[in-house]
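Readers should treat all values here as calculations from the given coordinates under stated rules, not as data from a laboratory. The structure presented is a predicted model; accordingly, all values stated were derived computationally and were not measured. Please note: Cβ atoms are built from the backbone with ideal geometry, for glycine as well, and neighbour counts cover all protein chains shown.
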Amino acid sequence: MHNDIVNTIHESSLLFSNYEAGSGIKKALEMGRDDILFELKASKLKGRGGAGFPTSTKWMLVAAATGADKFIICNADEGEPGTFKDRVLLMNAPFLILDGMVVGGYTVGAAHGYIYLRGEYVYMRQFLEDCLNEMREKNLLGNNICGKEGFNFDISIVMGAGAYVCGEETALIESLEGQRGEPRNRPPYPVNTGLCGAPTTVNNVETLAAVPHIILMGGEKYAERGTSASSGSKLFSISGDCEKPGVYELNWGITINELLAKVGAYNTKAVQVGGASGICIPKSKFDRKLAYEDVATGGSIMIFNESRKMLHVLKNFMEFFVEESCGQCTPCRIGNQKLLEGVEMIEKNQYTFAHINNLKELGETMKVASKCGLGQSSPNPFLSILEDFKEEIFHAKSDGVYK
Ligand SMILES: Cc1cc2nc3c(=O)[nH]c(=O)nc-3n(C[C@H](O)[C@H](O)[C@H](O)COP(=O)(O)O)c2cc1C
Ligand code: SF4
């Protein structure tokens with residue numbers, strides 16, 4: 001195991017438990033494609049990159065798509081503010097992820113996989129290359145893997161281009177192809193028309209790491225963890241005002257209150273769940289559950305105590321989105337600027353409620369009119385922080401009321 005600078009607390013103890021490299025691949029090759037998809041479906045595994053799309057469905061669609069070449073991509077761009085769990089997983093459990101890619105490659109019929117690695121993670125590149133070489137020596141990569149006639153598969157690492165939007169799967173594919181990392185129109189979806197026009201599955205690091213365990217323990221057993229709609233364990237990146245920040249592996253369904261107690265957080269005023277593009281939960285709602293059916297998250301948890309000013313938090317997020325919008329579509333390019341201007345007007349006490357109410361409508365419009373997930377989710381903190389912290393943020397005004 002590699003030491004990382006963050007705490008890793010494995011209460012659910014699945015992803016970081018002992019795993020014999022290659023064992024998931026060997027079992028999967030004995031099972032065959034249909035059984036792998038059956039177990040994945042039974043596991044109810046949903047994508048850990050944030051959107052929560054069922055992994056079995058995605059792999060089934062790529063397996064069923066027509067195309068001579070198919071690809072599997074490990075999304076290791078990890079650009080969401082407050083997220084660092086993939087980094088810890090890559091350094092501590094690399095073979096789990098790489099084996100997950102091999103199993104994925106076999107299941108969908110791909111001969112090549114790519115790891116799209118966040119630019120700042122360049123320091124781990126050699127370590128991952130060494131892991132890949134070790135796998136080649138053991139015939140866990142290469143031709144006729146583990147004696148399976150005709151199953152040829154290898155993995156390359158490509159460094160990310162350094163923009164948040166490059167984590168969005170179609171922008172990532174553009175970037176992998178050597179173009180500017182800008183999102184594509186969808187449909188067509190990558191499962192049919194992905195990398196170089198070929199059927200492609202893009203999966204988060206943590207999603208892939210769950211696969212070998214599901215293969216070894218069986219889908220039903222995996223689904224016993226968590227809740228009925230959110231199966232398995234989840235990695236949470238915990239940062240902010242608490243005594244024990246770090247990466248926590250916990251079962252889905254834990255309440256925010258329970259989580260705060262575990263990480264030693266006191267006098268907590270707000271918890272931002274899901275990164276900058278997530279939602280901000282006030283103290284009165286700390287009994288909500290972290291689960292797809294309640295507060296869904298890719299795993300970023302930022303804790304703010306009573307000393308923090310929520311308008312300042314919001315300004316920080318909106319500056320990030322203005323900086324990171326790729327500028328392709330108007331709702332996101334202009335909308336984020338307008339929302340930031342609104343925050344600055346509140347800061348200077350130069351706002352009117354009529355204007356703020358218009359900005360809230362603009363935020364709702366951005367959610368439906370933006371081309372990709374960045375603009376569709378960037379109004380989330382604006383809408384949730386203004387709503388739940390209005391007493392702190394606004395002063396009495398004569399021009400109207402906050403609606
Ligand atoms: C702006 C933006 C950034 C994203 N960044 C990441 C990322 O860094 N890592 C990731 O796995 N998914 C990211 N996603 C989600 C991906 O588009 C995609 O849904 C995910 O990689 C699919 O994998 P999964 O099904 O395993 O979750 C991002 C989405 C958006 C809109
Ligand atoms: S929503 Fe934003 S990031 Fe996405 S395509 Fe439009 S401008 Fe680019």
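In this simple spin-label model, placing a label point 7 Å from the Cα along the Cα-to-Cβ direction at both residue 337 and residue 27 gives a separation of 5.4 nm. Centroid-to-centroid, using Cα positions, segment 224-303 and segment 109-136 are 30 Å apart. In the elastic network of the chain, a GNM with C-alpha springs shorter than 10 Å, the most mobile of 263, 273, 108 is 263.
Sequence gap at least 6, Cα distance under 8 Å: using those rules, report the relative contact order of the chain to the nearest whole percent. Could the numbers behind the result be given before it?
Values: 806 pairs, mean separation 73.5, N = 403.
Computed over the chain, the figure is 18 percent.
Compared with the alpha-carbon gap, the fully stretched path from residue 137 to residue 149 is longer by 2.6 nm at 0.36 nm per residue. Annotation: for a label point projected 7 angstrom from Cα along Cα→Cβ of residue 179, no residues of segment 99-113 have a backbone N closer than 19 Å. Size descriptors for the chain: radius of gyration and Dmax over Cα atoms are 21.7, 77 Å. For residue 84, the residues whose amide H sits under 5 Å from its own are 237, ignoring neighbours fewer than 5 places away on the same chain, with H placed 1.01 Å from N. Subtracting the Cα-Cα distance of residue 395 and residue 196 from 0.36 nm times their residue separation leaves 66.2 nm of extension gain.
For the chain, the longest principal axis of the alpha carbon atoms and the long axis of helix 33-43 meet at an angle near 30°. Simple spin-label estimate for residue 220 and residue 350 gives 6.6 nm between the two label positions (7 Å along the Cα-to-Cβ direction from each Cα). Packing, taken as the mean count of other beta carbons within 10 Å per residue, orders the peptides 55-61, 163-169, 243-249 from highest to lowest as 163-169, 55-61, 243-249. On the beta carbon distance between residue 229 and residue 257, with R0 = 25 Å, the FRET formula returns roughly 0.80.
Here the simple spin-label model places points 7 Å from the Cα toward Cβ, and for residue 125 and residue 38 these points are separated by 4.3 nm. Geometric descriptor of segment 7-223, per residue, is 114 Å³ (volume of the convex hull of the Cα atoms).
For the chain, the longest principal axis of the C-alpha atoms and the axis of helix 55-64 are separated by about 50°. Estimated from helical segments only, the mean residue ellipticity of the chain at 222 nm is -12500 deg cm²/dmol, where each DSSP H run of four or more residues counts as -39500 (n - 2.57).
Relative to the longest principal axis of the Cα atoms of the chain, the long axis of helix 379-388 lies at roughly 50 degrees.
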